[in-house]
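Input: a single structure, listed below in structure tokens.
Values in this text are rule-based calculations from the coordinates and carry no lab data. Everything quoted here is computed from the prediction, not taken from an experiment. For neighbour counting, all protein chains shown are included, and Cβ atoms are generated from backbone atoms with ideal geometry for every residue, glycine included.
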């Protein structure tokens, strides 16, 4: 049986103590706690010692609780002043309370039945009641004293006196967990100690000097147990969601897609709506559905020829359409806004010119007013893309969307529903099944309307999609709350699974 210096030292001390806790063993050996624990685990794996752990939920004072244990709870200090003076103004409480403590104190004193409150020309006046005069030590005062004296109490012990949630609500105490570790030597370990253990310092590094002098023959080298459990190390790594976005980008480029990029998060309504054949009186353009920039308020429109084509499409129609039949306003189109959807980049790219056939995509930050919950954000990422070609059909689009959901997002089930968007016809909504959330909508798609594409100079069919990539990430990272993608929770950041 091969034992290192630390294991031998720990075993010898346990031979004397027979059974003890880890803290005492640390003192007895003079080793670091990590070294002692590692030695214990090695000895346990060889049947020489037994390690037992007992975990207990306890209640401990917070910093605020420790302060109150010294000077008294705010209501206790206020009551003491009231007992001395019987009747005081609210401002008099500043002698014994801080500004933050004064605000809730009237409610506490009233709830306890210790005071009567009267409004006067000089402000609120507090008068002690008979109950206040007779008031003594309460459950909360008793627990505060006991926690201050002992350091911690078991959860059950506290609950018998006062609900822990009340202490947590007042930020006086918090729940914690303590671990007690005891270790004892086994019969096998005792036999080894009685047989005699030679405690000799070991060499952990083979130096050039040991080799050249030949002293390596005289020393004992420390054996290394590569199977011994060690402390977890959390090396630096990319944020999990950032990794996901980079993988998506690389996968699309490998599939032959060209990335569309832009430097700004701000768009004119022209690119965000008008170029997409979305009418200027559409409700999605109002403040309830999109954000608008206060300053600067307006931006520049593109070249006149393109603006005229978009105007014509809206007012009179293109490609056999009658348009929307209203007077199009260039002033409205110049208004600036945080980008509401990444489809604005698709319009820019089509107007700039594309390869035919061609495949394009972009991953962009977008902004929409919404109610924050486990599946909605007001600032999120969207992956937008389109394919342009002579023979493309709606079925090609469904195939691309299904491949996205299954191969990239890891969804097991996919559903398509008919939908409506001002700039696509036909249109479809893509939903995928999440094991915790059920069916989740995460994409809209369709064939770009000819009124839109012809105004931008494109004659061929264009199939396009916009997908909430944050929801895709929920599937891949195995989370059920979209807010976790931007979480500061170190535990999740450290232990989030790697993808692909």
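Just the number: Rg to Rh for segment 63-174, Cα atoms, Kirkwood Rh, two decimals. Taking Rg over the Kirkwood Rh, I get 1.00.
List the relative contact order of segment 242-495 as a percent without decimals, with contacts defined as Cα pairs under 8 Å and 6+ residues apart. Before the final figure, lay out each step's value.
On the way: 467 pairs, mean separation 51.0, N = 254.
Relative CO of segment 242-495 lands at 20 percent.
Dimensions of the chain from C-alpha coordinates, computed as largest minus smallest value along each principal axis and given longest first, are 98, 93, 43 Å.
So what is the 222 nm mean residue ellipticity for the chain from helices alone, if each DSSP H run of at least 4 adds -39500 (n - 2.57) and you divide by all residues, rounding to the nearest 500 deg cm²/dmol? For the chain, the value works out to -10500 deg cm²/dmol. If one computes the Cα centroid of segment 230-292 and of segment 465-500, what distance in Å separates the two points? After rounding, the separation between the Cα centres reads 16 Å. Could you state the angle between the C-alpha long axis of helix 394-403 and the longest principal axis of the C-alpha atoms of the chain, as a value from 0 to 90 degrees rounded to the nearest 10? Helix 394-403 sits roughly 10 degrees off the main axis of the chain.
Compared with the dominant principal axis of the Cα atoms in the chain, helix 33-45 is inclined by about 90°. Modelled spin-label separation between residue 247 and residue 134, with each label point placed 7 Å from Cα along the Cα-to-Cβ direction: 6.9 nm. Look at where the Cα atoms of segment 32-51 and of segment 115-163 average out, and the two centres are 48 Å apart. Beyond 15 Å, what share of the Cα-Cα pairs of segment 351-429 remains, rounded to the nearest whole percent? Tail of the P(r) past 15 Å holds 71 percent of the pairs. Relative to the longest principal axis of the Cα atoms of the chain, the long axis of helix 240-254 lies at roughly 40 degrees.
Taking only the C-alpha atoms of segment 242-495, the Rg (one decimal) and the largest Cα-Cα distance, Dmax (whole number), read 18.2, 58 Å.
Using just the Cα positions, wrap segment 164-304 in a convex hull and report its mean projected area in square nanometres, one decimal place. Working shown, then result.
Values: hull surface 106.3 nm².
The Cα convex hull of segment 164-304, projected and averaged over all directions, gives 26.6 nm².
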